[in-house]
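The values are calculated or read from the model by the stated rules, or taken from the named source; none is laboratory data. On a predicted model such as this, the values are computed, not experimentally measured, just so you know. In this analysis, Cβ positions are derived from the backbone assuming ideal geometry, glycine residues included, and neighbour counts consider all displayed protein chains.
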Amino acid sequence: MKAAANILDQAEYHNIRFPYDPRRAGVWRAIARYLQPWVDASQPLLELGAGYGEFTREIRASSKWALDQNPALAAHWDPSVKALFQSALEPWEIPDASLGTVFASNFLEHFTLEEGAQILAQVQRKLQPGGRFIAIQPNFRLEPRRYFDDYTHRTAYTDAGFQDFLRSLGWRVEHAEPRFTPFTMKSRMPTAEWLVSLYLALPYRPLAGQFLVVASH
């Protein structure tokens, strides 16, 4: 997970729940390659809750924005990334209708449903017509016992519930995978890039606890 609620100490959260692990680079290379068909490489991209910047480093886009509340994380970011150190609930200094893609991994569960709707409304404003929102989220349906082990989780989403939430806000769901990756990067998922690619190619993914949704507006 990469972003936490406003009232929490961001540095301590990352130290406790999400310490830096260079082995994740191979995981994110494989994930970015898998997601690239839904990302227009000729258009700008924003990642919400960018964490250590693994996704923005690997994905292809004409330019890249990264939003996170912890400025210390920028030490891990690619220098070409434009940084927004703020809450996602605050206005983003990005021109309206200027982005091709907004990506968020393990992000919206750290906000209330009402806050999530507010964030998604801003995503819609910043995306170009037909632009895509890509979300990877922990799936409460698959991991109910561990979902709230992260003390910053505030809203429980299932793959079906999240899709309906998006549709209620005017999004069109283009693609969804209820079983995408394991529940957490701390899970027993191999970190070798080729093994992660093989895992993502499986028709049924053992240990999966997160879902993928791609939506446009």
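Consider Asp159 against the criteria (1) in contact (Cβ under 8 Å) with a residue 24 or more places away in the chain; (2) under 25 Å from Ala61 (Cβ atoms); (3) in contact with a Pro (Cβ under 7 Å, 6 or more places away or on another chain): it satisfies all of them except one. Which criterion is unmet?
Evaluating Asp159 over (1) in contact (Cβ under 8 Å) with a residue 24 or more places away in the chain; (2) under 25 Å from Ala61 (Cβ atoms); (3) in contact with a Pro (Cβ under 7 Å, 6 or more places away or on another chain) leaves (2) as the failure.
Do we have Thr181 as out of contact with any Ser or Thr (no Cβ under 7 Å at 6 or more places or on another chain), β-branched (Val, Ile, Thr) and under 21 Å from Gly51 (Cβ atoms) here?
yes
A quick yes/no check of all residues on (1) among the aliphatic types (A, V, I, L, M); (2) surrounded by fewer than 20 Cβ atoms within 10 Å (Cβ to Cβ); (3) out of contact with any Asp or Glu (no Cβ under 8 Å at 6 or more places or on another chain):
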site: Ala104; (1), (2), (3): yes, no, no
site: Leu108; (1), (2), (3): yes, no, yes
site: Leu113; (1), (2), (3): yes, yes, yes
site: Gly116; (1), (2), (3): no, no, yes
site: Leu120; (1), (2), (3): yes, no, yes
site: Pro129; (1), (2), (3): no, yes, yes
site: Arg132; (1), (2), (3): no, no, no
site: Ala135; (1), (2), (3): yes, no, yes
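Please go through region 144-167 and give me each residue that is closer than 13 Å to Phe211 by Cα, in a helix (DSSP H, G or I) and not aromatic (Phe, Trp, Tyr), ordered by number.
Across region 144-167, the qualifying residues are Asp159, Ala160, Gly161, Gln163.
Out of all the residues in region 157-167, which are under 19 Å from Gln122 (Cβ atoms) and either surrounded by 14 or more Cβ atoms within 10 Å (Cβ to Cβ) or touching a helix residue (DSSP H, G or I) at 6+ places or on another chain (Cβ under 9 Å) (or both)?
Scanning region 157-167 gives Tyr157, Phe162, Phe165, Leu166.
Just one of (1) surrounded by fewer than 16 Cβ atoms within 10 Å (Cβ to Cβ); (2) of a type in the set (Phe, Trp, Tyr); (3) under 26 Å from Gln36 (Cβ atoms) trips up Phe148, so point out which.
(3)
Please tell me if Gly170 is surrounded by 17 or more Cβ atoms within 10 Å (Cβ to Cβ), free of Cβ contacts under 8 Å to residues at least 60 places away in the same chain and of a type in the set (Gly, Ala, Ser).
no
Mind listing whichever residues of region 151-186 are touching a Leu at 6+ places or on another chain (Cβ under 7 Å), at pLDDT below 95 and closer than 20 Å to Tyr34 by Cα?
Pro182
Say we look at region 40-83 and pick out the residues that are among the aliphatic types (A, V, I, L, M), touching a strand residue (DSSP E or B) at 6+ places or on another chain (Cβ under 6 Å) and under 14 Å from Phe103 (Cβ atoms); which of these is surrounded by the most Cβ atoms within 10 Å (Cβ to Cβ)?
Only one residue tops the list, namely Ala50.
A quick yes/no check of all residues on (1) among the charged types (D, E, K, R); (2) closer than 28 Å to Arg154 by Cα; (3) free of Cβ contacts under 8 Å to residues at least 24 places away in the same chain:
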| residue | (1), (2), (3) |
| --- | --- |
| Trp65 | no, yes, no |
| Asp68 | yes, yes, no |
| Leu73 | no, yes, no |
| Glu93 | yes, yes, yes |
| Asn106 | no, yes, no |
| Thr112 | no, yes, no |
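When you go through (1) touching a strand residue (DSSP E or B) at 6+ places or on another chain (Cβ under 9 Å); (2) over 26 Å from Pro71 (Cβ atoms) one by one for Val102, which number turns out not to apply?
Only one criterion in (1) touching a strand residue (DSSP E or B) at 6+ places or on another chain (Cβ under 9 Å); (2) over 26 Å from Pro71 (Cβ atoms) is unmet by Val102, namely (2).
What's the number of the condition Leu99 fails, among (1) closer than 28 Å to Gly161 by Cβ; (2) of a type in the set (A, V, I, L, M, F, W, C); (3) out of contact with any Pro (no Cβ under 8 Å at 6 or more places or on another chain)?
It fails just one condition, (3).
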